[in-house]
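The next block holds one structure in the form of structure tokens; read it before the comments.
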Amino acid sequence: MTAKKQTIPKKHTASLAEFMLNKKRAGCPVCALPIEVYAEIVEAKKRKFKRSDVLEWLATTKHVKLTVTDLDRHYSGRHEQ
């Protein structure tokens, strides 16, 4: 009798572009936000809400302290792409 050969599914390995993006995102406090909160920030940017209003909303309703610099680094680092 021959034993069935089991195939082990290949683990997805990140491309170089994915690796670099994940590396940039690792220390970003904006990228670390829960997806629902992050989605609100993306929508606020599309609707051209003031960053100060977004930061105030985060602090008062979500108890998250971010700075303008945190947002600037996130956007200038192109973490959304």
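No lab work stands behind these numbers, since they all come straight from the coordinates. Predicted, not measured: the structure shown is a model, and the values here were computed from it. FYI the Cβ positions are ideal-geometry reconstructions off the backbone, even for glycines, and counts take in every protein chain you see.
Data overview
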{"read-out": "Whether segment 30-76 is rounded, prolate or oblate, judged on the alpha carbon gyration tensor where a/c under 1.5 counts as rounded", "value": "rounded"}
{"read-out": "Relative contact order of the chain, defined on C-alpha pairs under 8 angstrom at six or more residues apart (%)", "value": "31 percent"}
{"read-out": "Residues 56, 40 arranged by fewest to most Cβ contacts within 10 Å", "value": "56, 40"}
{"read-out": "Nitroxide proxy distance, nm - points 7 Å out along Cα→Cβ at residue 61 and residue 79", "value": "2.0 nm"}
{"read-out": "Structure-derived Rg and Dmax of the Cα atoms in Å - corresponding label in (1) 19.6, 67; (2) 19.2, 72; (3) 14.9, 46", "value": "(2)"}
{"read-out": "Flagged links, alpha-carbon separation over 31 Å, of 23/48; 23/62; 24/65; 11/62; 11/50; 23/65", "value": "11/62; 11/50"}
